[in-house]
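Shown next, in C-alpha cells, is the structure this report addresses.
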There are 4 protein chains.
Amino acid sequence: MEITLDILQKVIKKREPNSHKGNFGRVLLIGGNINYGGAIIMAASAAVHTGAGLVTVATNKENLSSLHSVVPEAMFINFFDKVSLTTAISTADVVVVGPGLGADNRAKEVLEVTLSNISDNQLCIIDGSAITLISENDSLKELIANNKKIIFTPHQMEWQRLSGIPIDKQIDDINLQKQTSLNATVILKKHHTTIYHQSGTIDNLAIGGPFMATGGMGDILTGVLAAFITQFKESSLDERINAAVYLHSYIAENLSHKYYVTLPTDIIKKIQKTMLKVISEQK
Amino acid sequence: MEITLDILQKVIKKREPNSHKGNFGRVLLIGGNINYGGAIIMAASAAVHTGAGLVTVATNKENLSSLHSVVPEAMFINFFDKVSLTTAISTADVVVVGPGLGADNRAKEVLEVTLSNISDNQLCIIDGSAITLISENDSLKELIANNKKIIFTPHQMEWQRLSGIPIDKQIDDINLQKQTSLNATVILKKHHTTIYHQSGTIDNLAIGGPFMATGGMGDILTGVLAAFITQFKESSLDERINAAVYLHSYIAENLSHKYYVTLPTDIIKKIQKTMLKVISEQK
Amino acid sequence: MEITLDILQKVIKKREPNSHKGNFGRVLLIGGNINYGGAIIMAASAAVHTGAGLVTVATNKENLSSLHSVVPEAMFINFFDKVSLTTAISTADVVVVGPGLGADNRAKEVLEVTLSNISDNQLCIIDGSAITLISENDSLKELIANNKKIIFTPHQMEWQRLSGIPIDKQIDDINLQKQTSLNATVILKKHHTTIYHQSGTIDNLAIGGPFMATGGMGDILTGVLAAFITQFKESSLDERINAAVYLHSYIAENLSHKYYVTLPTDIIKKIQKTMLKVISEQK
Amino acid sequence: MEITLDILQKVIKKREPNSHKGNFGRVLLIGGNINYGGAIIMAASAAVHTGAGLVTVATNKENLSSLHSVVPEAMFINFFDKVSLTTAISTADVVVVGPGLGADNRAKEVLEVTLSNISDNQLCIIDGSAITLISENDSLKELIANNKKIIFTPHQMEWQRLSGIPIDKQIDDINLQKQTSLNATVILKKHHTTIYHQSGTIDNLAIGGPFMATGGMGDILTGVLAAFITQFKESSLDERINAAVYLHSYIAENLSHKYYVTLPTDIIKKIQKTMLKVISEQK
C-alpha cells in the first residue's frame, strides 16, 4: 500500500511526562572507515535529531574529532576495539551497521564481530557495504539466519548483490520471494522506495525524488529508522519503519521547494520541527 | 518550594559598567574521556554562553580539536597533566567535574587529583560518573568531607548509588537526611527536579519535560550552573542554583513548542537571548 | 559574448524523476596540503552544494577531520596513497586538481600521478598551484597534451606563468593564440573573467566585483564548475562552463548587497537556493 | 577625542572595481599554543570576515583541524617551523603576534623569531602574552626599538607590566609619556578604551560595555585591526585604528540589545553586514 502522511501522525507520540532518556532507546551505529567517516557521522546526527535517547558511534578513531564537532551529543567507541564493541552491542536496543563501513578485510572483521554478537531478537539495520559484504560471504549471512528482526536497506545494485536478482528483474513478486527466504525486512531504496516487511506486507513510498540523489542520503535514513524503531514501541514494527521512511522523504520533498538539491545535513536540521509540526496538525 | 520565573529576574543582574572578564568568574570543567568527549564540550559551551568570564576545559587530548571547533572561546588543558590540572584548579572560582569523565582507573585518578586539590571553601559541582566513582570509593568521599560547597547533580540511579536509597524510596524526608549527612547540595535530576540545598531548604522544579530526555542534557546543566554561581554573587547560593536549574528547563520548555525533541546544543544557542529577554521583561 | 542570466535558466534542468546519485556524477578533487587544507575543503563543499552526486577529496591526511566537520557529505582519500588515488581517478567523471595543492616536490608528485592517470577524454580542471607546476615542468604539460577536455582556471599571474604572456599583454588575440596551442579551455579569472573555450569562442563575464577579492574564492569556483559539468550533460561543455562561472559571481553579487566582503563559505550556503530560484523564475 | 560612528563612514571605502585579493592585504597571525588555540582561530576568523585579502595563521599544529573547521578561508603554518614562519613574515603586510601564544619558553622562542624578522617599517600588532613576554625580556623589546609601526593592545594589567605604571596610576599624562618612550601605538583596553597614537593624539571610545567581558574578546579585536590597517590605506593609520576599535565595540553594543553576553564568535558573524550597513547609510 502507499504510505501516506497519516502514518507519521499515527506513530509519533507525545512523550510520556514521566519518562527519561533510557525510554527513548540506545542506538549503536557501526561504520565510518577512514574514507567514509561522514556517512556514520550523518547517520548518528540523524538518530540524535530524531530523538533517540542515547546514541553511540563505533567507528575508526580518525573520525572522533569530526564526530564531536558535528554532533557532540553522540558518544564514541573505536570499532576495532572488540571488547568495547561487544559491550556496546549487548546494551543497544537497535544496532545500525554499514554506513561508510567499507568492504575491505578490516570492515569484514568489524561486521563479523557485530553479527556474531547480535542476539537473535535484537533489531539490526544492515546498510551499505555491510550488505555487499554479506552478499559475498555466506558465513556472515549464517550469523543472522535466526534473527527475525534484521532490516536490510539496499539500493537496487546492493539488492542485486544480496538477492541475485538483476535490477531489471526486481519486481514485487520476485523480490518478495527472496525477502521471505532472507527472513528479514527489506527497504529497497529507489525512485519510490518499496518496503518488504517481515509480515509479508509490501508498502510503497510515492514521495521523494531526484533532489535527494546525493551521497549520504541513505546514511541518514538509517539514523531516522533506528530512532523511530526504538522510540515508538506502541506502534508495530511495520508502522515504525514506514513512518521513518516517509519522514525522510517528506522533509526532503518540503526542502525541494527551496533548494535545487537537498543535502543530508539539510534534512537533519528539519527533523525536530517537522516531527512536532506533523503531530500538532493532527486533529 | 516551587521555583518560578521570577527567580531569573531576581538573580540575573545587568552587569556593572566598569567590570571585566575576571569579574564573571573562572570556570574549570573536568571531564570528557575518549568516549564521551561531547559531554564536556557541551558543558563548556553552556558555561561560555551563560556568561562565565573565562572557561577552561581539562579533558583527554583527543577532544582538543572538537572543543575548539565547537566553542573556540574555551581554553584547553590535558587532564592527565597533573601540574596543569592542579594549577588550573587553584585559580578556578568554580570547578565542574564529571561530564563524560568515565569510570575507569584513569578517570578515578583524575578525580582524585581534582578532589585532593579543591580547597575546603572552593565550589565544586560533581556530575555523572564522578558521582558513581565517589559512591564506590570512600577515600574519594573523604577528600571532600570538609567542603560545604559541594554540589552533586545526580539522576535517580546515580543518587541511589551515592545515597544508598533505592529509586522507589527516594522521597524528600529520606533524601534530606542523606543530603544533610553528605553536607552538600543535591540537585536530584528527574521529572520535576528537586534541589536539596545546604541551607536545608527543598525546592522543586515544575517545568521541563520528556522533550529533554536526551543524552547530554545534564551536561549542559553543569555549565549553566557554574556560570550562574560565579557571576551572580549578589544572590545567595541557593538562589543562583535555583535560577540556573530553572533557566535550563525554561529554555527547553520554550523550544518544545517548536521541536519534538530538544537537544542540548539547541538550548545552548538560546541562553544569551533568553537571559536578556527575561530581565528586560522585568517591571 | 557577454554571459547573461539566461545561461543559468538554459543549463540548469529539473532532474529526471527516475534518476539516482550516479546520474549526477562522481567528482574527485585533489589538493589541500598541510598549509592550504581549507582550499580543497571549500572546493568540495561547493561541489556538494551544487549537486554533484558523489564527491571525493584526495588530500593530506591532516585535513580529514576538518573536511568531515565542514562537509560530512564528502568522502576522503589520502593523496599520497597512489593506489587509492589512481583508482579514484579511474572512476571519476570530473577531476579537479590544484586547490591548495602547493608547489613543492610532494605536490608535484601528486600532480604527476594525477595527470598520468587521467585518460585522454576525461575532463580535468587544473587550478592554482597545479597551473604553476605545469608551467614550470614540460614533462607535466606533455602528460595532458592529447587531452582536449582540460580546463585551466588561472588568475592573471598564473596565466602569465602558463602562457608566457605578461599581464599587461594579456589581450584576447594573444590569449586566444596561446589557448589554442594549449588545446584547453582557459578561464582567465580577473575583474570580469574571460573564458577561452575549446570551441574557439570567447565569452565574458560582466558581473562580479571586488567584494569577491578574498582568498578561497577561486577554490569554490572549481567545485561549482565540476558539479555543473558532470550534471548538466544536455548542454554543451561551453554552456555548462559559462553557467558555472556566472552562478559563482551572481551569488556573490547578490550577497554584496548585504555584506561588505563576500566569503567563499557565504556563497556555498546560497548555491542550492539560487539554483532553484533561477529556474523557478523561468517563464 | 571621542571616537564616533562617522569614523567608520570615513575609513571604510567601497572597493575599487579593478582590485584583487592582493590589494586587501596579507595578514599573518601568530599565536595559539596547545592550550589557547581558540584565541588565534577567532582572531583569524575576524580578519577574514573584516575583508583581509589573504589570512595565514602560524600556530601549534594541534590547532590545524579546528582552524579549518571554523574558518576554512585561513591558511596554516606550524609556528615552530622557523623557515616557514620567517618566509611568511617577510611577505606579510601586517603581523599580529600574541593571541593565545602563552608565556613559556617555546612561546618566547616564537616571539623572538617573529620580532627578529619584522622589518623596521612593517606593521606589527602585539597582543596578550606577547606583551607580557616583552615586558619581562629587554632583549625582545630591543628587537623592535626602531620600528615605529608597533601597536600594543594591552588590557590594564598587561599595560602595568609593560609600562611599569600600576593600574590605579594609569592616567593619560603618565600613559602618554610611557607610550612616547615606547615609540608605539598603545590601545589600552578597558571600560572605554583609550588609544595613544604614534602621532601623540589620544582618542577615547565611549561605547562598549560589560556585555563584552568574556574571554576571546580581545583576540578578535586584533583581527579586525589587522584587516582595517591593511585594507583602508587611503585613511591615516590613526583613523584606521580608531575605526577598527570602534567597529568592534559598535557591533557588540548592537548585539547587547539581543544577548545578555556577547561572545566573540557572535561579533564575527556580524562584521560583514555591519560594515556594509554603515557605509550604505552614509549621506
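The values are calculated or read from the model by the stated rules, or taken from the named source; none is laboratory data. From a predicted model like this one, the values you see are computed outputs, not experimental measurements. Here the Cβ is made from the backbone with ideal geometry for all residues, glycine too, and neighbour counts use every protein chain on show. Please note that ligands, DNA and RNA were not included when accessible areas were found on the heavy atoms of the full protein model with its side chains. Shrake-Rupley method; radii C 1.70, N 1.55, O 1.52, S 1.80 Å.
General remarks:
- Residues of the range A:45-71 that are open to solvent by 10 Å² or more (accessible area, probe 1.4 Å), facing chain B (nearest Cβ under 10 Å) and of a type outside the set (S, T, N, Q): A:His49, A:Leu54, A:Lys61, A:Val70.
- Selected residue (criterion: least open to solvent (accessible area, probe 1.4 Å)) from residues of the range D:82-103 that are more than 10 Å from every other protein chain (Cβ to nearest Cβ) and farther than 23 Å from D:Pro154 by Cα: D:Leu85
- Members of the range D:17-44 that are within 13 Å of chain B (Cβ to nearest Cβ), open to solvent by less than 10 Å² (accessible area, probe 1.4 Å) and not hydrophobic (A, V, I, L, M, F, W, C): D:Gly31, D:Gly32, D:Gly37, D:Gly38
- The residues of the range A:84-133 that are within 27 Å of A:Ser236 (Cα to Cα) and β-branched (Val, Ile, Thr), listed by number, are A:Ile89, A:Thr91, A:Val94, A:Val95, A:Val96, A:Val97, A:Thr114, A:Ile118, A:Ile125, A:Ile126, A:Ile131.
- Scanning the range D:204-234 for residues that are out of contact with any strand residue (DSSP E or B) (no Cβ under 9 Å at 6 or more places or on another chain) and more than 11 Å from chain B (Cβ to nearest Cβ), we see that the one that is farthest from B:Ser45 (Cα to Cα) is D:Glu234.
- Taking the range C:68-108 as the range and being part of a loop (DSSP other than H, G, I, E, B), farther than 15 Å from C:Ala227 by Cα and touching a residue at least 40 places away in the same chain (Cβ under 8 Å) as the test, the residues that pass are C:Phe79, C:Gly98, C:Pro99, C:Gly100, C:Leu101, C:Gly102, C:Asp104.
- Selection of the range D:104-121 for residues being within 22 Å of D:Asn147 (Cα to Cα) and either within 14 Å of another protein chain (Cβ to nearest Cβ) or of a type in the set (Gly, Ala, Ser) (or both) yields D:Ala107, D:Ser116, D:Ser119.
- D:Ser116 passes every criterion in (1) open to solvent by 60 Å² or more (accessible area, probe 1.4 Å); (2) closer than 19 Å to D:Met42 by Cβ apart from (2).
- The C-beta contact set for the range B:151-178 (first residue of a type in the set (A, V, I, L, M), second residue in a loop (DSSP other than H, G, I, E, B), distance under 8 angstrom, 6+ apart or interchain) comprises B:Ile151/B:Ala184; B:Leu162/B:Pro154; B:Ile174/B:Ile165; B:Leu176/B:Gly200.
- Evaluation of C:Met1 against (1) more than 14 Å from chain A (Cβ to nearest Cβ); (2) modelled with pLDDT of 95 or more (one fails), failing number: (2)
- Test: residue in the range D:2-14 that is free of Cβ contacts under 8 Å to residues at least 12 places away in the same chain and charged (D, E, K, R): yes
- Residue check for A:Thr86: within 19 Å of the chain's Cα centre (by Cα) and at negative phi: no
- Qualifying residue in the range B:235-246 (condition: touching a helix residue (DSSP H, G or I) at 6+ places or on another chain (Cβ under 7 Å), under 30 Å from A:Val278 (Cα atoms), open to solvent by 10 Å² or more (accessible area, probe 1.4 Å) and within 14 Å of chain A (Cβ to nearest Cβ)): no
- If you check C:Lys189, C:Lys277, C:Lys258, C:Lys270 for being more than 18 Å from the chain's Cα centre (by Cα), open to solvent by 30 Å² or more (accessible area, probe 1.4 Å) and closer than 30 Å to D:Thr230 by Cβ, only one passes: C:Lys258.
- Some residue of the range B:119-133 being within 26 Å of B:Val27 (Cβ to Cβ), modelled with pLDDT under 95, open to solvent by 60 Å² or more (accessible area, probe 1.4 Å) and not hydroxyl-bearing (Ser, Thr, Tyr): yes
- Test: residue in the range D:138-152 that is among the charged types (D, E, K, R), within 22 Å of D:Val245 (Cα to Cα) and open to solvent by less than 20 Å² (accessible area, probe 1.4 Å): no
- Note on the range B:163-186: residues that are small (Gly, Ala, Ser) and open to solvent by less than 50 Å² (accessible area, probe 1.4 Å) amount to 2.
- For the range A:172-193, a residue qualifies if it is of a type in the set (Val, Ile, Thr) and away from chain C (no Cβ under 14 Å), and the qualifying residues are A:Ile174, A:Thr180, A:Thr185, A:Val186, A:Ile187.
- Annotation: of all residues in the range A:206-234 being open to solvent by less than 10 Å² (accessible area, probe 1.4 Å) and of a type in the set (S, T, N, Q), the one that is nearest to A:Lys258 (Cα to Cα) is A:Thr214.
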